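These notes concern the structure reproduced below.
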Amino acid sequence: MEDRHFSFVAGSSGIWDVVAITPVTGASLPQAPRLNIVAGLQPPSTDATWTLRGVTSQERYVVRTEHDRLAAVQPPLGRPQATSAALIPIQKTSAWWELSQDQRRDIFEEQSHHIELGIRELPAVARRLYHSHDLDEPFDFLTWFEYAPDDGARFESLVAQLRRSPEWQYVLREVDVRLRRRA
Ligand code: HEM
């Protein structure tokens, strides 16, 4: 069976150069020059400055029409021109996790328009969501995005809009890691 677990290993090796690590809410992550994405759950290594782990999963909030709209426009990861990337690990508050599924969906989409805003930036931005909440990790989600440098401004504008949304009132910790793929 395909392993859906991945590890983001920051340290001295990897195909991604770290451009900046910026704390948005709460504690930052230590600075490191490179990032490697490795299949499987890597154990903590003394060679790594930090390691974050996550697993891809089924959709929680997306309704059928949204799923189909996303599927029609979302590009794959690893496009040659998409040399800019962002790893944004996010931890949500216990108040978020205590809400029911329908309450979370209401905040996520009806109030915050997460999908509606996000889909406008497709296919410029490729994305993948990793879940960490059940893995005893410091973050609940590892969000990953790849885009061409020319589409950077669009991506920044989306990130700024989402951070102003009601959903983000439930963000307890967020770190913004920006990367550039090595030639
Ligand atoms: C590029 C355009 C984007 C699109 C199309 C998009 C779409 C989505 C969708 C469809 C989901 C829900 C998946 C599900 O049903 O479980 C989701 C979840 C999520 N997205 Fe985005 N997103 C985008 C950008 C972003 C950005 C820029 C961030 C961070 C700054 C972000 C953070 C998250 C987080 C943390 C979740 C998990 C929410 C939760 O389960 O509580 N997304 N996104």
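The values are calculated or read from the model by the stated rules, or taken from the named source; none is laboratory data. Here the structure is a predicted model, which is why all the values come from computation and not from measurement. Quick reminder, even Gly has a Cβ in these numbers, built from the backbone with ideal geometry, and neighbours come from all protein chains shown. Surface accessibility is based on the protein's heavy atoms, side chains included, excluding ligands, DNA and RNA. Shrake-Rupley method; radii C 1.70, N 1.55, O 1.52, S 1.80 Å.
In segment 88-98, which residue that is more than 10 Å from the ligand (Cβ to nearest atom) and not small (Gly, Ala, Ser) is least open to solvent (accessible area, probe 1.4 Å)? Don't jump to the end; show me each part of the working.
Applying the first criterion (more than 10 Å from the ligand (Cβ to nearest atom)) to segment 88-98 yields 93-95, 98.
In the following step, the residues that additionally are not small (Gly, Ala, Ser) were identified as 93, 98.
On the way: Thr93: 28, Glu98: 148 Å².
Checking each candidate, the answer is Thr93.
When the residues of segment 120-158 are filtered to those that are open to solvent by 60 Å² or more (accessible area, probe 1.4 Å) and of a type in the set (A, V, I, L, M), which remaining residue is farthest from the ligand (Cβ to nearest atom)?
Ala153
Residue by residue, here is whether (1) among the small types (Gly, Ala, Ser); (2) in a strand (DSSP E or B); (3) without any contact (Cβ under 8 Å) to a residue 12 or more places away in the chain holds:
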{"residue": "Trp96", "(1), (2), (3)": "no, no, no"}
{"residue": "Asp106", "(1), (2), (3)": "no, no, yes"}
{"residue": "Glu109", "(1), (2), (3)": "no, no, no"}
{"residue": "Arg128", "(1), (2), (3)": "no, yes, no"}
{"residue": "Glu137", "(1), (2), (3)": "no, no, no"}
{"residue": "Trp144", "(1), (2), (3)": "no, yes, no"}
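Check Pro80, Pro75 and return the single one that is part of a loop (DSSP other than H, G, I, E, B), within 11 Å of the ligand (Cβ to nearest atom) and farther than 19 Å from Asp140 by Cα. Give the derivation first.
Values: Pro80 fails: within 11 Å of the ligand (Cβ to nearest atom).
After applying the criteria, what remains is Pro75.
Suppose we filter segment 102-119 for residues that are open to solvent by 20 Å² or more (accessible area, probe 1.4 Å) and touching a Phe, Trp or Tyr at 6+ places or on another chain (Cβ under 8 Å); how many remain?
4
Given the residues Arg53, Arg60, which is the only one that is closer than 19 Å to Tyr130 by Cβ, of a type in the set (Lys, Arg) and part of a loop (DSSP other than H, G, I, E, B)?
Numbers: Arg53 fails: part of a loop (DSSP other than H, G, I, E, B).
On inspection, the qualifying residue turns out to be Arg60.
Can you tell me which residues in segment 55-69 are surrounded by fewer than 10 Cβ atoms within 10 Å (Cβ to Cβ) and more than 18 Å from Asp106 (Cβ to Cβ)? It would help to see each step written out before you state the result.
Filtering segment 55-69 down to residues surrounded by fewer than 10 Cβ atoms within 10 Å (Cβ to Cβ) leaves 58, 64-65.
The one that is surrounded by fewer than 10 Cβ atoms within 10 Å (Cβ to Cβ) and more than 18 Å from Asp106 (Cβ to Cβ): Gln58.
Within segment 27-54, which residues are open to solvent by 50 Å² or more (accessible area, probe 1.4 Å) and farther than 20 Å from Phe145 by Cα?
Ala27, Pro30, Leu41, Gln42, Pro43, Pro44, Ser45, Thr46, Asp47, Thr49
Considering only residues of segment 159-183 that are charged (D, E, K, R) and in a loop (DSSP other than H, G, I, E, B), which is farthest from the ligand (Cβ to nearest atom)? Full working, then the answer.
In the first step, residues of segment 159-183 are kept if they are charged (D, E, K, R); the result is 163-164, 167, 173-174, 176, 178, 180-182.
Remaining after also requiring in a loop (DSSP other than H, G, I, E, B): 164, 182.
Details: Arg164: 11, Arg182: 23 Å.
For segment 159-183, the residue satisfying everything is Arg182.
Among the listed residues Leu70, Leu29, Leu87, Leu117, identify the single one that is in contact with a helix residue (DSSP H, G or I) (Cβ under 6 Å, 6 or more places away or on another chain) and at pLDDT 95 or above.
Leu117
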